[in-house]
Amino acid sequence: SIMDISHTHDDIELECACEGSLACSTCHVIVDPEYYKKLEEPTDEENDMLDLAFGLTETSRLGCQIV
Ligand code: FES
């Protein structure tokens with residue numbers, strides 16, 4: 001996931017407070033629209049957490065759920 005990539009790249013800062021267990025929205029990322037179309041649909045659980053994310057956009061996702 002993007003969370004895993006951020007863990008191994010010091011230049012990518014992504015908080016991921018719950019370490020990918022869909023219990024926070026600190027891993028909120030805004031995806032480029034071109035790339036967003038290629039991703040699987042978010043699950044209901046992800047959408048529920050996304051609703052709590054600050055600055056939600058049409059192409060928002062949770063970084064720990066993008067694989
Ligand atoms: Fe908490 Fe992604 S790290 S939902």
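Every number in this text was worked out from the coordinates using simple rules, so none of it is lab data. On a predicted model such as this, the values are computed, not experimentally measured, just so you know. So basically every Cβ, Gly included, is an ideal-geometry build from the backbone, and we count neighbours across all protein chains shown.
When restricted to residues that are loosely packed, with under 11 Cβ neighbours inside 10 Å and among the aromatic types (Phe, Trp, Tyr), segment 36-67 contains 1. Considering only residues in segment 9-23 that are out of contact with any Asp or Glu (no Cβ under 8 Å at 6 or more places or on another chain) and among the hydrophobic types (A, V, I, L, M, F, W, C), the one that is farthest from Cys64 (Cα to Cα) turns out to be Ile12.
The set of residues in segment 52-67 that are under 12 Å from the mean Cα position of the chain (by Cα) and charged (D, E, K, R) contains only Arg61.
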